[in-house]
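Just below is one structure, and these are the notes that go with it.
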Amino acid sequence: MHATFTGFITGLSLILAIGAQNAFVLRQGLKKSHVFAVALTCAASDAILIAVGVFASAKVSEAFPLILPVMRWGGVAFLVVYGARAARAAYRGGGHLDPADGRVQTLGAALATCLALTWLNPHVYLDTVVLVGAISADFGPERGNFALGAISASFVFFFALAYGARLLAPVFAREVSWRVLDGLIAVVMWLIAFKLASGV
């Protein structure tokens, strides 16, 4: 139980900060658009990366030494473009929670964006593969329980964020709230892109 609890707390602490992925999940939750699929995709992706970090991180880094630089610059490019789209949405306005809004993102597009924000973000690899993998080494044969705890934290967090966002629905019935959210998302995306590009 100690290993599982430590894994849960470790996993939760690493994903609490609002980043590119979390901001997207929050927005999907507010729009009530493909909420279950998006939350499940994020949690399942985390589960895969945590498993790799706990059981195979050393082998992966040896087999693919260039993976982090490639993902780093791919992530920078994606975040800059995504941030620009969010900034344009904030400038133009028009966001609301009208169920009849015909501009709802398709499931395929939502999942593609979700996967890109997850797998093109080097910080995800550093947090899950490198950091979680390193911490799990201290638990020896209990590493599996540690991984279970960390994976459970991801599922709890993403589903709570996605479905809990609905509590904010009255606030986001106003266009100005969407403009503020899109503006904040743009800033978050660009800050993360800057940090990745500068190696901070």
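Below are the figures for this structure:
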{"quantity": "Of the trypsin sites (Lys or Arg not before Pro) in segment 112-200, those whose Cβ has at most 13 other Cβ within 10 Å and which sit in DSSP loop", "calculated": "174"}
{"quantity": "Computed E for residue 176/residue 111 - FRET, C-beta separation, R0 30 angstrom, nearest 0.05", "calculated": "0.55"}
{"quantity": "Protein-only accessible surface order, largest first, of 190, 73, 178, 119 at 1.4 Å", "calculated": "73, 190, 119, 178"}
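The values are calculated or read from the model by the stated rules, or taken from the named source; none is laboratory data. Predicted, not measured: the structure shown is a model, and the values here were computed from it. Please note: Cβ atoms are built from the backbone with ideal geometry, for glycine as well, and neighbour counts cover all protein chains shown. Only protein heavy atoms, including side chains, enter the accessible area calculation; ligands, DNA and RNA are left aside. Shrake-Rupley method; radii C 1.70, N 1.55, O 1.52, S 1.80 Å.
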